[in-house]
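Novice: Handing you a structure now.
The values are calculated or read from the model by the stated rules, or taken from the named source; none is laboratory data. These numbers were taken from a predicted model, which means no experiment stands behind them. All Cβ positions, glycine included, derive from the backbone under ideal geometry; neighbour counts span all protein chains shown.
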């Protein structure tokens, strides 16, 4: 375990480092060369530096060389090549240095460098490349991999074809191996068989011979985490359990942890349903704990930190537990980061004012372990495997306790989840407390009240597969804005709270559903009325109203049926697309009515437009479709297949970000501006006319036309003016106004255009 981190070399910001090795055939190795303080080392050091400086003399930037070691084999030297102030891209800089070294090695010089021995690796990055490999059928396959940071993985840009079992899944995965000290390079690609899916993989018997292949296949199949279904989660749990029963090395552990990490990107609703069905999320947590117990350790340690989960496992003697050991995730970004997740041989070194989550085990743990091991009296004979796990969120811990509530209060996990485990021992009712600290995710604010803080652990034996329990855990205090908990056992810990402030959300949701429930039949009745009676379809304003009602009715039906359909990524995107399209169509028909008013009241002379409604229909139905398509297509590369949508929100099926601003709010705002200008012009014109002229029958029902247009303006235009003001969450008044007016638009149109119209009443009762 690490208490501090040491750096051998301090580099300026922006320095690019490469690791190079050469074999010098013109020199004979002597033992003195291995001693950095010897004259022999200093002599060969100067020669090597001079050779590198000459070889890279044409490279743009300031180059410095640090010889790290000299070994036998003639003379094999490894050095860092540091470059500052280069204008070249990193890969171009790498190629320039490498070509210079190769060229210099082929030129006869006194140093005598073997050209075939020259190596150059980036200290931090495996550069993107395309390779040709043979798959299991001996077919040649070209695979393109993007650049990767050290100790990370990337997937090939090539995907399984749509007509395969694994449509859209990457064809291969590849790891970037190595460290800053050794330099990094690509491992061989793990190629995937596209005829496989999670259901089939769950049926594959796992043995020591195929466990690495199964783990790699699982990693690839879970790479599209956000598209996973409840059945996929169940199959993933089964595969993980099968791997656990076989065990594996750290490479298997890598794929194991990455698979869990990717699976945690699945939709919350999907994870909740899978928990209700067969407790798959809880089974995955248990499988991870058991794998930590069984993984084959290199140097007595296994560590893997991914964005959603971090794991660290040690094998040690009980006597090594002299101090209170600890584990912590320090405050940083939203995702877990390798440098911010640390273990401590002495938990007193944990920076308590910087932790997101931490756990401290007491000093007497070694004695407790020795006591529990009945066959051993001497604690020096006790081997301990100690595991720590940190979860970035609580998505694997699904229970009815934290499901959405309709009471205005949400009970939720308000922290990361942190766990500790000693393999082979059920540590309960401990004499001293296990101390955990958590930085709250949600804190008290003007819109949110957090209270009823509970320190909890995940009890696998409660609630039909798992639930949060307070047994053996106590809330101790608030310290440095962190919740401090004390528990008498080891397991998965978190903080549970009640969050108030959802009352407005609940009320607004209720208003919307009631309003839409009234509006949909109201719009249907309006359409039936105006379509059934030919007399009502003879004027242009009425025909425009029919089209407006069609667009609004489609919008409300799609909203009610699909706004929350986030469990299906493709289906949710389809809902967002059609909501976008029909809402824009509503605005366009409102603009058509405004233009019709302009022709009737302002222009008058020369106002006749041939086939007006046909042209208006093409524009009002066609232009929104073009805008909706452009908004969707512009975002497809970032939406599929990795699942990181920017086109729509993950919380509901509607646009977000630039797609919302430029694809909807901008055109809607321009239409509202256009309508406002037209209304001002019309009202100004009418106030200047003679009263008798306004009411003249020759005007062809202008009063009725004006009434319809003003109704549309108030119901649609004013509603969305409220909508613009409610973009800021703090403007709750505008949220209520928008919600009321927007959901009741259909009802108001029916009321004003049918119920209040004498002409319509006469036709109804005729």
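Novice: Residue check: is residue 131 touching a strand residue (DSSP E or B) at 6+ places or on another chain (Cβ under 7 Å) and closer than 23 Å to residue 188 by Cβ?
Specialist: In short, yes.
Novice: Got at least one residue in segment 198-205 being part of a loop (DSSP other than H, G, I, E, B) and touching a strand residue (DSSP E or B) at 6+ places or on another chain (Cβ under 8 Å)?
Specialist: no
Novice: Also: Answer yes or no as to whether residue 105 is modelled with pLDDT of 90 or more, surrounded by 18 or more Cβ atoms within 10 Å (Cβ to Cβ) and either more than 23 Å from residue 178 (Cα to Cα) or assigned by TED's automatic domain parsing to the domain that holds residue 185 (or both).
Specialist: Spelling it out, residue 105 is indeed modelled with pLDDT of 90 or more, surrounded by 18 or more Cβ atoms within 10 Å (Cβ to Cβ) and either more than 23 Å from residue 178 (Cα to Cα) or assigned by TED's automatic domain parsing to the domain that holds residue 185 (or both).
Novice: Of the conditions (1) under 30 Å from residue 153 (Cα atoms); (2) loosely packed, with under 14 Cβ neighbours inside 10 Å, residue 124 satisfies every one except a single condition; which number is it?
Specialist: Against the list (1) under 30 Å from residue 153 (Cα atoms); (2) loosely packed, with under 14 Cβ neighbours inside 10 Å, residue 124 comes up short only on (2).
Novice: I'm checking my understanding of the structure. Among residues of segment 79-94 that are in a strand (DSSP E or B) and in contact with a helix residue (DSSP H, G or I) (Cβ under 7 Å, 6 or more places away or on another chain), which one is farthest from residue 121 (Cα to Cα)?
Specialist: 83
Novice: What are the residues in segment 587-617 that are without any contact (Cβ under 8 Å) to a residue 24 or more places away in the chain, within 14 Å of residue 543 (Cβ to Cβ) and in a helix (DSSP H, G or I), if any?
Specialist: If the condition is that a residue be without any contact (Cβ under 8 Å) to a residue 24 or more places away in the chain, within 14 Å of residue 543 (Cβ to Cβ) and in a helix (DSSP H, G or I), then 614, 615 are the ones that fit.
Novice: Still on this structure, I have one more. Take the residues of segment 460-469 that are on the phi < 0 side of the Ramachandran plot and in contact (Cβ under 8 Å) with a residue 24 or more places away in the chain: which is surrounded by the most Cβ atoms within 10 Å (Cβ to Cβ)?
Specialist: 468
Novice: Kindly establish whether residue 587 is surrounded by 22 or more Cβ atoms within 10 Å (Cβ to Cβ), in contact with a helix residue (DSSP H, G or I) (Cβ under 8 Å, 6 or more places away or on another chain) and modelled with pLDDT under 90.
Specialist: Yes; evaluated as a whole, the condition is true for this residue.
Novice: Given (1) modelled with pLDDT under 90; (2) touching a strand residue (DSSP E or B) at 6+ places or on another chain (Cβ under 9 Å); (3) outside any loop (DSSP other than H, G, I, E, B), identify the lone condition not met by residue 356.
Specialist: (1)
Novice: Please list, ordered by first then second residue, the pairs with beta carbon atoms under 6 Å, 6 or more apart or interchain, first in segment 665-685 and touching a residue at least 24 places away in the same chain (Cβ under 8 Å), second surrounded by fewer than 15 Cβ atoms within 10 Å (Cβ to Cβ) and assigned to a helix (DSSP H, G or I).
Specialist: Qualifying pairs under 6 Å: 681/602; 685/602.
Novice: Residue 398: assigned by TED's automatic domain parsing to the domain that holds residue 474, crowded, with 20+ Cβ neighbours inside 10 Å, out of contact with any strand residue (DSSP E or B) (no Cβ under 8 Å at 6 or more places or on another chain) and modelled with pLDDT of 75 or more, yes or no?
Specialist: On the way: assigned by TED's automatic domain parsing to the domain that holds residue 474: yes; crowded, with 20+ Cβ neighbours inside 10 Å: yes; out of contact with any strand residue (DSSP E or B) (no Cβ under 8 Å at 6 or more places or on another chain): yes; modelled with pLDDT of 75 or more: yes.
Against the criterion (assigned by TED's automatic domain parsing to the domain that holds residue 474, crowded, with 20+ Cβ neighbours inside 10 Å, out of contact with any strand residue (DSSP E or B) (no Cβ under 8 Å at 6 or more places or on another chain) and modelled with pLDDT of 75 or more), residue 398 qualifies.
Novice: Among the residues that make up segment 360-367, is at least one of them at pLDDT below 80, more than 19 Å from residue 487 (Cα to Cα) and in contact with a helix residue (DSSP H, G or I) (Cβ under 6 Å, 6 or more places away or on another chain)?
Specialist: no
Novice: Just one of the numbered conditions (1) over 25 Å from the mean Cα position of the chain (by Cα); (2) farther than 30 Å from residue 302 by Cα; (3) surrounded by 20 or more Cβ atoms within 10 Å (Cβ to Cβ) is not true of residue 178; which one?
Specialist: Of the numbered conditions (1) over 25 Å from the mean Cα position of the chain (by Cα); (2) farther than 30 Å from residue 302 by Cα; (3) surrounded by 20 or more Cβ atoms within 10 Å (Cβ to Cβ), the odd one out for residue 178 is (2).
Novice: Could you grab me the full set of residues in segment 290-304 that are in contact with a strand residue (DSSP E or B) (Cβ under 6 Å, 6 or more places away or on another chain) and either closer than 17 Å to residue 391 by Cα or part of a strand (DSSP E or B) (or both)?
Specialist: 292, 301, 302, 303, 304, listed by residue number.
Novice: Next question, about the same structure. Just the residues that are within 19 Å of residue 656 (Cα to Cα) and either modelled with pLDDT under 90 or not in a helix (DSSP H, G or I) (or both), please, taken from segment 561-575.
Specialist: If we filter segment 561-575 for residues that are within 19 Å of residue 656 (Cα to Cα), which is where we start, we get 562-575.
Passing the criteria: 562, 563, 564, 565, 566, 567, 568, 569, 570, 571, 572, 573.
Novice: Further question: Answer yes if at least one residue in segment 68-75 is part of a loop (DSSP other than H, G, I, E, B), exposed (fewer than 13 other Cβ atoms within 10 Å of the Cβ) and at pLDDT 90 or above, and no otherwise.
Specialist: No; the residues of segment 68-75 include none that is part of a loop (DSSP other than H, G, I, E, B), exposed (fewer than 13 other Cβ atoms within 10 Å of the Cβ) and at pLDDT 90 or above.
Novice: Still on this structure, please answer the following. Among the residues in segment 321-328, are any part of a loop (DSSP other than H, G, I, E, B), closer than 18 Å to residue 416 by Cβ and free of Cβ contacts under 8 Å to residues at least 60 places away in the same chain?
Specialist: Checking segment 321-328: not a single residue is part of a loop (DSSP other than H, G, I, E, B), closer than 18 Å to residue 416 by Cβ and free of Cβ contacts under 8 Å to residues at least 60 places away in the same chain.
Novice: Let me ask you something else. Considering every residue within segment 155-168, establish whether at least one is loosely packed, with under 14 Cβ neighbours inside 10 Å and within 19 Å of residue 215 (Cα to Cα).
Specialist: no
Novice: What number of residues in segment 287-315 are crowded, with 18+ Cβ neighbours inside 10 Å, in the same structural domain as residue 385 (by TED's automatic domain parsing) and touching a residue at least 60 places away in the same chain (Cβ under 8 Å)?
Specialist: 7
Novice: Does segment 76-102 hold any residues that are farther than 17 Å from residue 62 by Cβ and crowded, with 17+ Cβ neighbours inside 10 Å, and which are they?
Specialist: Across segment 76-102, the qualifying residues are 77, 78, 98, 101.
Novice: Do we have residue 275 as in a loop (DSSP other than H, G, I, E, B), touching a helix residue (DSSP H, G or I) at 6+ places or on another chain (Cβ under 9 Å) and either surrounded by fewer than 23 Cβ atoms within 10 Å (Cβ to Cβ) or at pLDDT below 95 (or both) here?
Specialist: no
Novice: Then there is this: Across segment 649-682, what is the total count of residues that are modelled with pLDDT of 80 or more and in contact with a helix residue (DSSP H, G or I) (Cβ under 8 Å, 6 or more places away or on another chain)?
Specialist: 18
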